[in-house]
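Written out below as structure tokens is the structure these notes cover.
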Amino acid sequence: MKKNINKALLVLAIFGFSSAAIAQCDSIASICSKHIIAQFISDGQSYRSLLLNSEETAEFHTTFFGETTYRLAACSGKSDGNLIFSISDQDGHLLFTNKNYSNAPYWDFKVKSTLECTINAQIDPSKNAGSGCAVILIGFKQK
């Protein structure tokens, strides 16, 4: 009987933690959406990952289509600059990192031809943010 109660409490604790993490990611996504300004149309996706510490890295995969201008917005926490993100092509070549630009919360770019990319994100350890939700939003300019 005691084992069943412990299991039930564990399930409730996990559910409570998951619900809090989802709510945290929702509020961060809302804050991050301010960077997808009127000239850009959201791709409809919200790339999210809970990072428990600055050692963890979230990995997201997407395709950028040729001759399209994009804006990638990256957020964690309630202020800008907490999340380091990088974009690499399918061969692992680094295309961009915001680490070289004071962790800028967004980046505008145009791709010449369609390519599959990996976006990596991690909390900046120098910001003492601890854990948090990494949110990536992508918008594109309509031709």
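The values are calculated or read from the model by the stated rules, or taken from the named source; none is laboratory data. Quick caveat, the model's predicted, so the values are computed rather than measured. Note that we place each Cβ from the backbone using ideal geometry, even for glycine, and neighbour counts take in every protein chain shown.
Of all the residues in segment 56-75, those that are crowded, with 21+ Cβ neighbours inside 10 Å, closer than 19 Å to ASP108 by Cα and of a type in the set (Gly, Ala, Ser) number 2. Taking first residues from segment 51-71 that are under 14 Å from GLU116 (Cα atoms) and partners that are at pLDDT 95 or above and acidic (Asp, Glu), the Cβ contacts under 6 Å between residues at least 6 apart in sequence or on separate chains come to THR63/GLU116. In segment 30-42 there is at least one residue that is touching a Pro at 6+ places or on another chain (Cβ under 8 Å), surrounded by 12 or more Cβ atoms within 10 Å (Cβ to Cβ) and at pLDDT 90 or above.
Kindly establish whether PHE85 is closer than 13 Å to CYS32 by Cβ, aromatic (Phe, Trp, Tyr), surrounded by 15 or more Cβ atoms within 10 Å (Cβ to Cβ) and touching a residue at least 12 places away in the same chain (Cβ under 8 Å). Considered against the rule, which asks whether it is closer than 13 Å to CYS32 by Cβ, aromatic (Phe, Trp, Tyr), surrounded by 15 or more Cβ atoms within 10 Å (Cβ to Cβ) and touching a residue at least 12 places away in the same chain (Cβ under 8 Å), PHE85 comes out as yes.
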